[in-house]
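To start, the structure itself, in structure tokens.
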Amino acid sequence: MQEINASIPFDKRLWRQDVAGSRAHADMLASCGIISEEDNAAIQDGLDKVSAEFEANDVEENLALEDIHMVVETRLNELIGDAARRLHTARSRNDQVATDFRLWTRDAVGEMDAAIAELQTALVARAAEHSNSIMPGFTHLQVAQPVTLGHHLMAYYEMLKRDRSRFADCARRLNEMPLGSAALAGTGFNIDRDQTAAALGFDRPMTNSLDAVSDRDFAIEFLTCTAQLALHLSRLAEEVIIWASQPYGFVKLSDGWSTGSSIMPQKRNPDASELVRGHAGRILGCMNGLMVTMKGLPLAYSKDMQNDKPPVFEAYDLIGLCIAAMTGMVSSLTFDTSRMEEVAATGFSTATDLADWLVRDHNMPFRDAHHVTGAAVKICETRGGHDLTSLTADDLASIDQALAGCTLPDLSVQGSVSSRTSPGGTAPVRVKEAVAAAKKELGI
Ligand code: ARG
């Protein structure tokens, strides 16, 4: 029974929040005249000692004491006696654990925001360096049109910006206090929930005691935000893996963020990226696990809900590693920009520029321009080319007489990217603006 029942092996991570909640609760009980000032003073002193002990030696995993709430209270009782046994007045472990876990998640969200901002900072720095560098832009993983590397990196900045806003939203909703709901029905003691809410930095006490002790939306929301972030990181990780492979040769991983092989001395493997990609799967599992745990639970508390913590802690630990690894990798990658530019010119990647020119300078309807360009690509292909550099005015005239004697447009990859100045486009001038705006948002 003890083994299946106990949560102390994992909920000991909540000890700081449990102590903070107990302090606020005892203060409130004293100011409402429910316990004496002397007992409160003894409780506060005792909690100082308990904290110092846990700080120094960690929390003992005593399965007989079941969970962190019992461990703190039992130790307090050993240290100060009687007064400790008054602490649980007008409180239950049900409102206590919900409060502790919200406090913990609130801190975690704050840490997430700071960590994501660091990765954004790394991306912006590299984007600033490479606002002019050219790489192939892909659709279907086929070379589509040339883009700037800075533009590509800034796409991830935007994803991360949305992730931060999702976490901020999660923080807003979770910052309400369950404490004072007691086991499920509230309490007959004349407590002051506004006082405890203010002391613990909550915006307000929760409105309905049944909801307060049985809601785990905040934990699920934390996991959905984390899962979405993990998805973004795994996409970037996947790109790094592809870019670092020899057929691409777009990037070289740093020594610090790659691994060797035990048999092939030449290897430089993208293990960190692969684990970021892999961890995303585990994080999705955490999210799914808690959702399935909560599905169909009747009101109010059931012990199933004790299983809320392992997936949240696991996802938090994994995502921390993932963000740190991506930040390290992005900062230390070496981009082979000439290789990227060389590939950017293949696959007739500036064909759209030719079609656009026919529309602009020859007033051709786009669909016709598309057809003429397709024919032009075929001519160059028969000559064995991979780009439009061999195209001549005579070639175009052979497709459409009206084009005889025309002056060909700039079909270089440089010309292509610099022309794409539409808002949100890949032109270096737009990337520089995006970088400047991002720096302002990041306060750097
Ligand atoms: N360890 C429990 C949990 O994490 C605390 C709440 C226990 N409540 C109860 N009624 N047994 O959910």
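How far is helix 149-174 tilted, in degrees, relative to the longest principal axis of the Cα atoms in the chain, given as a value from 0 to 90 rounded to the nearest 10? Approximately 20 degrees, to the nearest 10.
Taking every eigenvalue of the Cα gyration tensor of the range 292-341, multiplying by 5 and rooting it, what semi-axes result, largest first, whole Å?
Details: eigenvalues 388, 29, 5 Å².
For the range 292-341, the ellipsoid semi-axes come out as 44, 12, 5 Å.
The range 286-365 and the range 156-215 have their alpha-carbon centroids 30 Å apart. Residue-normalised convex hull volume from the C-alpha trace of the range 289-444: 242 Å³ per residue. What angle do you read, to the nearest 10 degrees and between 0 and 90, between the alpha-carbon axis of helix 366-382 and the longest principal axis of the chain? The angle comes out near 70 degrees. Note on Cys170, Cys322, Cys380: ascending count of other Cβ atoms within 10 Å places them as Cys380, Cys170, Cys322, the fewest first. Exposure proxy ranking for Asp82, Asp304, based on other Cβ atoms within 10 angstrom of each Cβ and starting from the fewest, stands as Asp82, Asp304. The relative contact order of the range 133-273 comes to 16 percent, based on Cα pairs under 8 Å that sit 6 or more residues apart. Between amide H atoms placed 1.01 Å from N, distances below 5 Å from Val147 occur with Met135, Gly137, all of them 5 or more places distant or on a separate chain. What's the angle, to the nearest 10 degrees (0 to 90), between helix 93-129's Cα axis and the longest principal axis of the chain? Roughly 20 degrees, rounded to the nearest 10. Lysine pair count for the chain (Cα-Cα distance under 22 Å; residues 8 or more apart in sequence or on different chains): 10. Relative contact order for the chain: 17 percent, from Cα pairs under 8 Å spaced at least 6 residues apart, divided by residue count.
Note on the range 106-246: Rg/Rh from Cα positions, Kirkwood definition for Rh, rounded to two decimals, is 1.20.
For the chain, the alpha-carbon coordinates run over 101, 53, 42 Å along the three principal axes, in decreasing order. Here r is the Cβ-Cβ distance between Ala114 and Asp82 and R0 is 30 Å; the resulting FRET efficiency, rounded to 0.05, is 0.10. Going by a ≥ b ≥ c, the root eigenvalues of the Cα gyration tensor, does the range 367-436 fall in the rounded group (a/c under 1.5), the prolate group (a/b larger than b/c) or the oblate group? In terms of gyration-tensor shape, prolate. What you get for the range 195-352, charging only the Cβ of Lys and Arg (+1) and of Asp and Glu (-1), is a dipole of about 220 debye around the Cα centre. Size descriptors for the range 1-150: radius of gyration and Dmax over Cα atoms are 24.7, 75 Å. Working note: Cα atoms of the range 205-251, range along each principal axis, descending, whole Å: 60, 14, 7. Among Ile220, Ile242, a tally of other beta-carbon atoms within 10 Å of each Cβ gives an order, fewest to most, of Ile242, Ile220.
Throughout, read-outs are computed from the coordinates displayed, never taken from laboratory work. Computed from a prediction, not measured in an experiment: that's the story for all the values here. Cβ sites come from the backbone with ideal geometry, for glycine too, and all protein chains shown count toward neighbours.
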